[in-house]
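Chemist: Let me give you the structure first, and then I'll get to my questions.
The values are calculated or read from the model by the stated rules, or taken from the named source; none is laboratory data. Quick caveat: nothing in here was measured; it's all calculated off a predicted structure. With ideal geometry, Cβ positions are generated from the backbone for all residues, glycine too; neighbour counts draw on all protein chains shown. Heavy atoms of the whole protein, side chains included, go into the accessibility calculation; ligands, DNA and RNA do not. Shrake-Rupley method; radii C 1.70, N 1.55, O 1.52, S 1.80 Å.
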Amino acid sequence: MKKAMVYICGEDFFAPSLVSCCSFNAKYYDDVDRFIYICTDSDSFVTRAQQHCTDNKINVQIKNMNIDVAKDFPLMAHLHPAAYGRLFLQDYLDPSYQRVLYIDGDTLAGPVELDFEVELSGKTFGAVQDIGVVASGTADQLLLQPPGQAAKYFNAGVLIIDWPLWCAQEIGPRCVQYISANPDLLYGDQCALNNVCIGKWLDLHPSWNTQTDFLSNPDLVGVAKVYHFTGAAKPWQRDLWKHNIDFSEYYEKTLRAHPFDAVFRPATLKSSVKRGLRSVETTLNPRRVKNWAGWVAEHYG
């Protein structure tokens with residue numbers, strides 16, 4: 001089976017995307033072609049990124065992607081236009097791949113290895129429910145369905161795709177059309193994908209996309225295939241990150257002095273004090289932390 005792992009980012013997100021890509025064990029995934037598509041007008045940036053990978057023997061193919069057509073699409077405060085790149089991937093990636101893992105750059109490999117050949121039961125792709133949407137109970141609203149339909153809304157940051165089926169169904173172009181007809185989507189490309197792909201995706205175990213809300217639970221952290229740092233604050237922003245300090249320390253080690261780093265921010269005295277107070281509060285009042293492990297056990301066994 002021909003397999004690929006694909007990241008799409010802007011210049012600012014190249015460093016964390018490369019860190020994420022390198023966190024997946026190259027020996028285990030030696031039959032997986034790796035790509036990072038950079039959405040930029042700077043050919044020199046792409047050339048420097050390619051040279052960096054060559055010089056450091058990093059087996060990742062660096063490509064340029066033009067998404068000018070998406071410049072007027074809706075954006076959240078922390079959403080780069082490159083997030084729309086997955087909708088144009090069909091124009092760039094070889095159609096002969098059987099499985100493609102699309103993965104956001106704010107991720108790291110978990111302790112459990114990915115199975116690119118996971119059974120998708122005839123669906124176009126596998127994904128994990130968006131935990132923020134589960135917590136808020138807004139899936140029906142985002143999917144434009146009547147309340148009480150038990151609708152499921154997925155997080156689009158980690159997708160394991162049946163690539164021939166995705167291309168045959170023209171998922172990307174259909175989403176672009178949907179966005180053009182619905183310019184006020186709350187979550188942009190993710191809302192488009194969810195509405196276009198109703199009934200076309202397999203609900204995967206949350207270990208495939210262990211989102212930030214899960215990071216307070218050691219049981220869920222320990223079985224993760226992918227850690228996904230959802231939300232505006234990222235672990236490389238030590239002045240804002242309030243979750244597992246190990247992730248911040250990992251990024252501090254890997255991004256410090258990285259030639260492409262444009263994102264790392266060190267802790268401040270204020271943030272260190274606030275982290276300490278939060279830790280005490282969580283210890284004294286653990287009920288404030290939602291029991292996501294119980295939810296996973298109830299819904300996925």
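Chemist: Considering every pair of different Cα atoms, what Kirkwood radius, in Å, is found for the chain?
Modeler: Averaging 1/r across every pair of different Cα atoms and inverting gives 20.1 Å.
Chemist: Between the stretch 168-199 and the stretch 22-88, how far is it from one alpha carbon centroid to the other, in angstrom?
Modeler: Each part's Cα centre sits 22 Å from the other's.
Chemist: Taking the chain as a Gaussian network, where each spring joins two C-alpha atoms under 10 Å apart, which residue of Lys123, Lys200, Lys57 fluctuates the most?
Modeler: Lys57
Chemist: Sum up the charges of everything whose Cβ sits under 13 Å from the Cβ of Asn182, counting Lys and Arg as +1 and Asp and Glu as -1, but leave Asn182 out.
Modeler: That works out to -1.
Chemist: Here's something else I'd like to know. Tally the DSSP beta bridges in the chain and give the antiparallel ones as a percent, rounded to 5.
Modeler: Antiparallel bridges make up about 35 percent of those DSSP assigns within the chain.
Chemist: Ok, one more. Take Gln61 and Lys253, extend 7 Å from each Cα along the Cα→Cβ direction, and tell me the distance between the two endpoints in nm.
Modeler: Here the answer is 3.1 nm between the modelled labels.
Chemist: When Lys and Arg each count +1 and Asp and Glu each count -1, what net charge do the other residues less than 15 Å away from Gln98, Cβ to Cβ, add up to?
Modeler: It works out to a net charge of -3.
Chemist: Pull up all non-local amide H partners of Phe154: gap of 5 or more, or a different chain, and H-to-H distance under 5 Å with H placed in the peptide plane.
Modeler: HN-HN under 5 Å from Phe154: Asp130.
Chemist: Quote to one decimal, in nm, the extra length available between Ala26 and Tyr92 on full extension: 0.36 nm per residue of separation minus the C-alpha distance between them.
Modeler: Difference between extended and current length: 21.4 nm.
Chemist: Further question: In debye, nearest 20, what is the charge dipole magnitude of the chain about its Cα centre with +1 on Lys and Arg Cβ and -1 on Asp and Glu Cβ, if you could check?
Modeler: Here the size comes out at about 820 debye.
Chemist: Can you list, bin by bin at 10 Å, the percent of alpha carbon pairs in the stretch 144-252, starting at 0?
Modeler: P(r) for the stretch 144-252, in whole percents per bin: 12, 34, 32, 20, 2.
Chemist: How much length would be gained if the chain were fully extended between Ser42 and Glu119, taking 0.36 nm per residue of separation minus their Cα-Cα distance, in nm to one decimal?
Modeler: 23.8 nm
Chemist: Mean-square fluctuation check for the chain, GNM, Cα pairs under 10 Å: which of Gly172, Gly148, Gly231 is largest?
Modeler: Residue with maximal mean-square fluctuation among Gly172, Gly148, Gly231: Gly148.
Chemist: Accessible area per residue of the stretch 159-219 at 1.4 Å probe, in Å²?
Modeler: It amounts to 38 Å² per residue over the stretch 159-219.
Chemist: Separate question: On a 24 Å Cα-Cα criterion, which of the cross-link pairs Lys57/Lys242; Lys2/Lys57; Lys200/Lys290; Lys2/Lys63; Lys2/Lys27 come out too long?
Modeler: Flagged as over cut-off: Lys57/Lys242; Lys200/Lys290.
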